[in-house]
Amino acid sequence: MQTRAWPTGANSMAFAMGGGGGRGPQINVTPLIDVLLTLIVVFMLVVSMDMEHGEMVQIPQPAKDQMTAPDPESTVVIEVMRTAKGAPPGVKINHEDVRWEDLEFRLGQIYLKRGEKVAFVRGDAEVDFLYIADVIDRAHRAGVQRVGLLTQGREVAGE
């Protein structure tokens, strides 16, 4: 039987046979553990810092002798009531008679300095909805953002 021998110096692959072969590169984990422990200590210090003391702010206080009464924020109810047959219905704002021509101007005065721009509209059953829609349109043009419709017999708090 003939055996073939590899010539010396030929390109051959090196295999480790058995248990005594060469070992590959290994990572030294000791410096990595040192870095990890240092990061843990830094994070613990950052978390334990007192976060109660943020920015110090001084809020202006009103003068003690100046007592202003808040504006009465009563609910605004616009009533559209039937008048004589064939005539346009009458309009009231919180039980105060208002002419149709002055409705938008009067609502503009009321809602000029108001924070809450809400109005309620109550119409008689005999009044055409065309007039109710006209009141809603004029209220929106006067600055009212939300309009609620009231049914007969319903009262609103603050009316």
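Going by what's in this entry, would Asp137 be described as under 20 Å from Leu150 (Cα atoms), at pLDDT 90 or above, among the acidic types (Asp, Glu) and open to solvent by less than 100 Å² (accessible area, probe 1.4 Å)? Yes. Quick check on segment 72-98: of everything there that is open to solvent by 80 Å² or more (accessible area, probe 1.4 Å) and out of contact with any Lys or Arg (no Cβ under 9 Å at 6 or more places or on another chain), which residue is farthest from Ile132 (Cα to Cα)? Among them, the one singled out is Pro72. In segment 99-115, what residues are loosely packed, with under 14 Cβ neighbours inside 10 Å, among the charged types (D, E, K, R) and modelled with pLDDT of 85 or more? Across segment 99-115, the qualifying residues are Arg99, Glu101, Asp102. Check Ala16 against each of (1) modelled with pLDDT of 85 or more; (2) among the aliphatic types (A, V, I, L, M); (3) surrounded by 10 or more Cβ atoms within 10 Å (Cβ to Cβ) and name the one condition it does not meet. Single failed check for Ala16: (1).
The values are calculated or read from the model by the stated rules, or taken from the named source; none is laboratory data. Since the structure is predicted, the reported quantities are computational estimates derived from the model, not experimental observations. Methodologically, a virtual Cβ is constructed for each residue, glycine included, from the backbone with ideal geometry; neighbour enumeration extends over all protein chains shown. Heads up: the accessible areas ignore ligands, DNA and RNA and are worked out on the full protein's heavy atoms, side chains in. Shrake-Rupley method; radii C 1.70, N 1.55, O 1.52, S 1.80 Å.
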